[in-house]
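> Below is one structure. I have some questions about it.
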Amino acid sequence: MKPENLLPREAFTGEEIYNNRLINEKSPYLLLHAHNPVDWYPWGDEAFARAAKEGKLVFLSIGYTTCHWCHVMAHESFEDTSVAGLLNGNFINIKVDREERPDIDSVYMSVCQMMTGQGGWPLTVVLTPEKKPVFAGTYIPKESRFGMTGLIDLLPKLSRSWKDRRKDIIASSEEIASALVQGQELDHARDPDISVLDQGFQELTLRFDTIHGGFGHAPKFPTPHNILFLLRFWKRTGNKRALEMAEKTLDAMQLGGICDQVGGGFHRYSTDARWRVPHFEKMLYDQALLVMAYTEAYQITQKPEFRKTAEEIISYVLRNLTSPEGAFFSAEDADSDGREGAFYLWTAEETERVLGREDAIVLAHAFNVTHTGNYNHQKNEIGQNILHRTQTIPRLASSFGMSEIDFASRLESIKTRLFNAREARPRPAVDDKILTDWNGLFISALAQAARTFRNEKYLDVARRAMQFILSGMRDAAGGLLHRYREGVPAIPAFGDDYAFIIKALIELYESTFEPGFLSSARELNNWFLAHFWDKVQGGFFTVSDTAEILLVRKKEIYDGAIPSCNSVAFENLVRLAHLTGDAATEERASVLSTGFSGIVRQTPFAHTWFLCALDSAIGPLHDVVIVGKRDSSDTREMIDALESHYLPNVLVLFRPIGESDYLLTSLAPFTRTLCPISEKATAYFCTGHTCAIPTTEVHQMLELLGCPDSEKKI
């Protein structure tokens, strides 16, 4: 079905309709579409002004660089001149990178979920010139098939409906927009309490895969904040089931194909329930959150494989996603050499050429390599293997008649040779934009790993990245910017940017005790409150009070692939209140938690980062101030003792003796009167609003925290 004002498909060569405006953009995703025959606009007033002037609908396509189905839709439809003809003749077409403009993506993803019951990328939305939704969907094929209406049929129908029933369509779009606004109203229930934590645990238990670990069925996502909550729930309650669920999931993921067994780091998600067959893209935020989960699990269990996995993730990011400026790139693509996963797959013949026959046999047993292959998703490709483990090192070592140490050493040698051989392959493309929020998450992870694993290099890297953000990602007024690429910082920051960078600054303070980090955290938190806080209902908006408002000024609380702005901000407010002794900040945390309590109570398992923050807010949250000489052995012993235990609800301040402490005491005035006892490093200990007698003894400090010295872990 073709509108009368369009030429037949075959009449288009591409040159006649080429007028693409994306070529001057910085987004790698937009640049991928800069030579489409579609007349793309970036998001902006120009496109909507033209839509209003010409009385046309807007075709909005949202995706991101490493999205496999975004590439499929692009090759199938947006590079096709017949589809381009339909789009250019009847629509104003806009491309958006969801990672550059999460505000736009969030609003229209909510619309898609409201209209269709599902969401995902590519996100396809048709709008009126007033930005109100008419149609929403995800991937749409070019031609209709299997009950899915293709673009070739859909676009003319939408265009004809707009021409013939415009008033009805406008009325419908306004109803949808109104429903979206109503959905943002908060239900101020009673203050959330420990029952919400219990409910969250029970819901995760019901969804737990007892055979393969993780939650739900295929496709299966890592969701590390589920793990972080389970670890805290175990710490609070002693419930062994919570720890078992966390450990089983972490074990299964690190052995599966979702983990890059050769080069470290994790792929986006597993297409199967057993963590074996990944969707191969690698995202910075996944690496950050998984480092946090494996690091905290190591603190509890002391399992060396958890530490090894965390360190291998960090090595991958430092090697492949670190920018010349010292910050971190966003992602690596799933595809290389024209195929998904090509960089990561092996045939048995390839491994034998690289390793020799004997070590290839070891590899085959250890990582399930077969001549017929365990991954046959590519057309005309057979014998491809994803490396994954199903047997333990002790069992494998026994089958080869070797000691565990010798077998593990041999396996590391094998992996090193495979890594070196793989480096000669065409690499997946890197999305080299720097995003402030994702960098905040990875800086946080580095800071945590640095103090847990006693790794100064991690701290140096984290400091450098934070310095770049604080100096290179600011606007003239002092606010943060969201995206940096090719020397150009741009796009006013969103709520996630502030929440995640503030968290990173707090983590850096806890790892370095450099008060400048705490000062920057408070400064940015004040800015965040001034420009994002909802003065009527509480909580933080996604965009600032000076930003473009679409259908609604949203407030996010759902902890999806990335924790929400408000969940992380809740944690930050609680921690800053205790670190600085600021009652007003604690009151903000209370208002935020109450405001979202109704939503969280409905489905606690979908808000596990919020539950982590709630766990701290409910307490007991312990404040420890160590007063002593910075480099003295007794000071270091106290700090080491705290960092050697899993203490998620302990906040530590350090007041140095013998050097200027003006900045610290101005940030935390209650520390001014604290002095060492008998010139020894001294720990001042408070829980809630009650303080204990200070001590110079490490074991007494640990006992006050519920960690007897006899259980100390190094």
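The values are calculated or read from the model by the stated rules, or taken from the named source; none is laboratory data. Everything numeric in this text was worked out from a predicted model, so none of it was measured. Counting neighbours? That spans all protein chains shown, and the Cβs are built from the backbone with ideal geometry, glycine included.
> Of these, Leu674, Leu642, Leu705, Leu614, which one is within 23 Å of Ala583 (Cβ to Cβ) and within 33 Å of the chain's Cα centre (by Cα)? Reasoning before the result, please.
Numbers: Leu674 fails: within 33 Å of the chain's Cα centre (by Cα); Leu642 fails: within 23 Å of Ala583 (Cβ to Cβ); Leu705 fails: within 23 Å of Ala583 (Cβ to Cβ).
Testing whether each residue is within 23 Å of Ala583 (Cβ to Cβ) and within 33 Å of the chain's Cα centre (by Cα) leaves just Leu614.
> Taking the residues in the stretch 118-139 that are of a type in the set (S, T, N, Q) and within 18 Å of His71 (Cβ to Cβ) as candidates, determine which candidate is surrounded by the fewest Cβ atoms within 10 Å (Cβ to Cβ). Don't jump to the end; show me each part of the working.
Let us first name the residues in the stretch 118-139 that are of a type in the set (S, T, N, Q), namely 118, 124, 128, 138.
Next, only the ones that are within 18 Å of His71 (Cβ to Cβ) stay: 124, 138.
Details: Thr124: 22, Thr138: 19.
Restricting to residues being of a type in the set (S, T, N, Q) and within 18 Å of His71 (Cβ to Cβ), the top hit is Thr138.
> Among the numbered conditions (1) more than 30 Å from the chain's Cα centre (by Cα); (2) in a loop (DSSP other than H, G, I, E, B); (3) loosely packed, with under 15 Cβ neighbours inside 10 Å, tell me where Lys142 comes up short.
(3) is the only condition that Lys142 fails.
> Suppose we filter the stretch 619-638 for residues that are assigned to a helix (DSSP H, G or I) and surrounded by fewer than 19 Cβ atoms within 10 Å (Cβ to Cβ); how many remain?
Pass one, the stretch 619-638, residues assigned to a helix (DSSP H, G or I): 633-638.
Right, trim to surrounded by fewer than 19 Cβ atoms within 10 Å (Cβ to Cβ) and you get 633-634, 636-637.
Going through the stretch 619-638 one residue at a time, the tally reaches 4.
> A follow-up question, please. With the structure loaded, tell me whether Leu255 is hydrophobic (A, V, I, L, M, F, W, C) and either free of Cβ contacts under 8 Å to residues at least 12 places away in the same chain or out of contact with any His (no Cβ under 8 Å at 6 or more places or on another chain) (or both) or whether it fails that test.
Values: hydrophobic (A, V, I, L, M, F, W, C): yes; either free of Cβ contacts under 8 Å to residues at least 12 places away in the same chain or out of contact with any His (no Cβ under 8 Å at 6 or more places or on another chain) (or both): no.
When the stated conditions are applied, Leu255 does not pass them.
> Then there's this: Report yes if Phe48 is in a helix (DSSP H, G or I), buried (at least 19 other Cβ atoms within 10 Å of the Cβ), in the same structural domain as Cys112 (by TED's automatic domain parsing) and among the aromatic types (Phe, Trp, Tyr), otherwise no. So that I can check it myself, show each step before the final result.
Working: in a helix (DSSP H, G or I): yes; buried (at least 19 other Cβ atoms within 10 Å of the Cβ): yes; in the same structural domain as Cys112 (by TED's automatic domain parsing): yes; among the aromatic types (Phe, Trp, Tyr): yes.
Considered against the rule, which asks whether it is in a helix (DSSP H, G or I), buried (at least 19 other Cβ atoms within 10 Å of the Cβ), in the same structural domain as Cys112 (by TED's automatic domain parsing) and among the aromatic types (Phe, Trp, Tyr), Phe48 comes out as yes.
> Out of all the residues in the stretch 518-550, which are crowded, with 23+ Cβ neighbours inside 10 Å and more than 22 Å from the chain's Cα centre (by Cα)?
Matches in the stretch 518-550: Leu518 only.
> Looking at the structure I just gave you, is Leu123 among the aliphatic types (A, V, I, L, M) and in contact with a strand residue (DSSP E or B) (Cβ under 9 Å, 6 or more places away or on another chain)?
Values: among the aliphatic types (A, V, I, L, M): yes; in contact with a strand residue (DSSP E or B) (Cβ under 9 Å, 6 or more places away or on another chain): yes.
Yes, satisfied.
> Which one of these is of a type in the set (A, V, I, L, M) and outside any helix (DSSP H, G or I): Val568, Val574, Val536?
On the way: Val568 fails: outside any helix (DSSP H, G or I); Val574 fails: outside any helix (DSSP H, G or I).
That would be Val536, the only listed residue that is of a type in the set (A, V, I, L, M) and outside any helix (DSSP H, G or I).
> So, Thr673, is that one part of a loop (DSSP other than H, G, I, E, B) and over 30 Å from Gln199 (Cβ atoms) or not?
Numbers: part of a loop (DSSP other than H, G, I, E, B): yes; over 30 Å from Gln199 (Cβ atoms): yes.
Yes.
> Those residues that are more than 26 Å from Tyr344 (Cβ to Cβ), touching a helix residue (DSSP H, G or I) at 6+ places or on another chain (Cβ under 7 Å) and assigned to a loop (DSSP other than H, G, I, E, B), I need them from the stretch 215-246; list them, please.
Matches in the stretch 215-246: Asn239 only.
> Still on this model: Can you tell me how many residues within the stretch 247-279 are in contact with a strand residue (DSSP E or B) (Cβ under 7 Å, 6 or more places away or on another chain) and in a helix (DSSP H, G or I)?
Number of matching residues: 1.
> Which residues, counting only those in the stretch 477-506, are under 19 Å from Tyr64 (Cα atoms), assigned to a loop (DSSP other than H, G, I, E, B) and in contact with a strand residue (DSSP E or B) (Cβ under 7 Å, 6 or more places away or on another chain)?
Ala493, Phe494
> Give all pairs with beta carbons closer than 9 Å in which a residue from the stretch 462-481 that is in contact (Cβ under 8 Å) with a residue 24 or more places away in the chain meets a residue that is among the small types (Gly, Ala, Ser) and in a strand (DSSP E or B); count only pairs at least 6 apart in sequence or on separate chains.
These pairs meet every condition: Leu481/Ala490.
> Do any residues in the stretch 513-542 that are of a type in the set (Val, Ile, Thr) have Cβ atoms under 7 Å from those of residues that are in a helix (DSSP H, G or I), where the two are at least six apart or on different chains, and which pairs are they?
Note: pairs meeting the criteria are Thr542/Asp103; Thr542/Ser106; Thr542/Gly495; Thr542/Cys565.
> Has the stretch 324-337 got at least one residue that is out of contact with any helix residue (DSSP H, G or I) (no Cβ under 9 Å at 6 or more places or on another chain) and at pLDDT below 95? Even if it seems obvious, please write down each step before you answer.
So in the stretch 324-337, the residues out of contact with any helix residue (DSSP H, G or I) (no Cβ under 9 Å at 6 or more places or on another chain) come out as 324, 336-337.
Now restrict to residues that are at pLDDT below 95: 336-337.
Checked against the condition, which is being out of contact with any helix residue (DSSP H, G or I) (no Cβ under 9 Å at 6 or more places or on another chain) and at pLDDT below 95, the stretch 324-337 yields at least one hit.
> Based on this model, can you work out whether Ala462 counts as in contact with a Cys (Cβ under 7 Å, 6 or more places away or on another chain) and either within 30 Å of Leu647 (Cβ to Cβ) or in the same structural domain as Leu663 (by TED's automatic domain parsing) (or both)?
On the way: in contact with a Cys (Cβ under 7 Å, 6 or more places away or on another chain): no; either within 30 Å of Leu647 (Cβ to Cβ) or in the same structural domain as Leu663 (by TED's automatic domain parsing) (or both): yes.
Spelling it out, it is not the case that Ala462 is in contact with a Cys (Cβ under 7 Å, 6 or more places away or on another chain) and either within 30 Å of Leu647 (Cβ to Cβ) or in the same structural domain as Leu663 (by TED's automatic domain parsing) (or both).
> Among the helices (runs of 4 or more DSSP H) contained in the stretch 61-126, which hold 3 or more residues that are of a type in the set (A, V, I, L, M, F, W, C), under 18 Å from Thr149 (Cα atoms) and touching a residue at least 40 places away in the same chain (Cβ under 8 Å)? Walk me through how you get there before you give the answer.
On the way: elements: 68-73, 81-90, 102-116.
The helices (runs of 4 or more DSSP H) meeting that bar are 68-73, 81-90.
> If you check Ala681 against the conditions, is it touching a helix residue (DSSP H, G or I) at 6+ places or on another chain (Cβ under 6 Å), crowded, with 21+ Cβ neighbours inside 10 Å and over 20 Å from Leu518 (Cα atoms)?
Answer is yes for this residue.
> Out of the stretch 371-430, which residues are charged (D, E, K, R), in contact (Cβ under 8 Å) with a residue 60 or more places away in the chain and in a helix (DSSP H, G or I)? Can you show your working first?
As a first pass, look at the stretch 371-430 and keep what is charged (D, E, K, R): 379, 381, 389, 395, 404, 406, 410, 412, 415, 417, 422-423, 425, 427.
Filter once more, keeping what is in contact (Cβ under 8 Å) with a residue 60 or more places away in the chain: 389, 415, 417, 422, 425, 427.
If the condition is that a residue be charged (D, E, K, R), in contact (Cβ under 8 Å) with a residue 60 or more places away in the chain and in a helix (DSSP H, G or I), then Lys415, Arg417, Arg422 are the ones that fit.
> Output the residues belonging to the stretch 643-670 that are surrounded by 15 or more Cβ atoms within 10 Å (Cβ to Cβ), touching a residue at least 40 places away in the same chain (Cβ under 8 Å) and either out of contact with any strand residue (DSSP E or B) (no Cβ under 7 Å at 6 or more places or on another chain) or in a helix (DSSP H, G or I) (or both).
Result: Glu643, Ser644, His645, Tyr646, Leu647, Pro648, Pro656, Leu664, Leu667, Phe670.
> From the set of residues in the stretch 411-448 that are in contact with a Lys or Arg (Cβ under 9 Å, 6 or more places away or on another chain) and polar (S, T, N, Q), which is nearest to Leu480 (Cα to Cα)?
Checked the stretch 411-448; the qualifying residue nearest to Leu480 (Cα to Cα) is Thr436.
> Has the stretch 469-477 got any residue that is farther than 25 Å from Pro324 by Cβ, surrounded by fewer than 18 Cβ atoms within 10 Å (Cβ to Cβ) and modelled with pLDDT under 95? Explain how you work it out, then say what you get.
At the first step, the residues of the stretch 469-477 found to be farther than 25 Å from Pro324 by Cβ are 477.
Then keep just the ones that are surrounded by fewer than 18 Cβ atoms within 10 Å (Cβ to Cβ); that gives 477.
Checking which are modelled with pLDDT under 95 leaves us with 477.
The answer is yes; a qualifying residue exists.
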